[in-house]
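We did not get these values from a lab; they are worked out from the coordinates using the rules stated. A quick note: this is a predicted structure, and the numbers were derived from the prediction, not measured. For neighbour counting, all protein chains shown are included, and Cβ atoms are generated from backbone atoms with ideal geometry for every residue, glycine included.
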Amino acid sequence: MKGAAALALLLACNQAAADPERRLTRAQEATLQGLAGVGAAVVTIPSMMAAGAAIGRSSNDLSAALVPSLLLQIIVPPVAVTLSEWAVGRYAFKNGSRIHPAIWLATGVNLLAIIFGSLGGVWTDDPTSFSLFVVIESLALPAATSALMDATRRPRPNLLSVSF
C-alpha cells in the first residue's frame, strides 16, 4: 500500500512537471517534496528505533549495545528523508534541489530530536511517548529539510537565451 502511494506521488509529480501549462508553484513543489520526506520518516524512524531496541537487548555490554543502535537512529532517518525529497525535486520536478546542505541540517535536527527525546524519557516500550516522538520528528525533520532544499535550490537554466 505504501509503495502504491509513493508511486502515485511520483507519477503525479512527473505529470505536473512534464506539462508546461500546468506548472506547479514553488510552494507546491516544496510541499510535495516534504510529503515524500514525511513518508520516508514515518517508515524509518520507528523501524530504526525498534531495531535499536532489539540491538540494545542483545548485549549486556553498554557500548556494544549503544553504539550500533544509536548510529542507526542518527544516520538512517535523515539520509532517507533527504534522499527521498531530493529525488522528488530532482527527478520529478527537475527543480535543482541540492542534497549537500540539507543532509547536514537533517542530521542536526534528528540529533536534537534524539537528545530531547532521551531527556524526555522516550523509549520503545512506552507507546504514548514513542508514538508522540515519531509523529513530531516525522513532521519536523522533513519540514526543515524541504525548507532548506527550497531555499538553496539552483535556478532552472534558461536554455533558450543566448548571450554574447
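Could you calculate the contour length gain from ALA50 to ILE115, that is, 0.36 nm times the residue separation minus the distance between their Cα atoms, to one decimal place in nm? Before the final figure, lay out the partial values.
Values: separation 65, 0.36 × 65 = 23.40 nm, distance 1.72 nm.
Once the chain is fully extended between ALA50 and ILE115, it gains 21.7 nm.
Which values, in whole Å and largest first, are the semi-axes of the equivalent ellipsoid of the stretch 2-152 obtained as the square root of 5 times each eigenvalue of the Cα gyration tensor? All intermediate terms of the calculation are to be shown ahead of the outcome.
Values: eigenvalues 210, 41, 32 Å².
Over the Cα atoms of the stretch 2-152, the ellipsoid semi-axes are 32, 14, 13 Å.
Mind listing the long-range amide H neighbours of TRP123? Cut-off is under 5 Å, sequence gap 5 or more, other chains count too, H placed in the peptide plane at 1.01 Å from N.
PHE130
Extending each Cα 7 Å along its Cβ direction at THR152 and LEU66, get the distance between those two points in nm, one decimal.
3.1 nm
Run through the stretch 44-113 and list the trypsin sites (Lys or Arg not before Pro) located in a DSSP loop whose Cβ has at most 15 other Cβ atoms within 10 Å. Show your work: numbers first, answer last.
On the way: sites: ARG57, ARG90, LYS94, ARG98; in loops: LYS94, ARG98.
Here the sparse-neighbourhood loop sites are LYS94.
Could you compute the net charge surrounding ALA144? Neighbours are other residues with a C-beta less than 12 Å from the C-beta of ALA144; K and R count +1, D and E count -1.
Values: positive: none; negative: GLU85, GLU137, ASP150.
Neighbourhood net charge equals -3.
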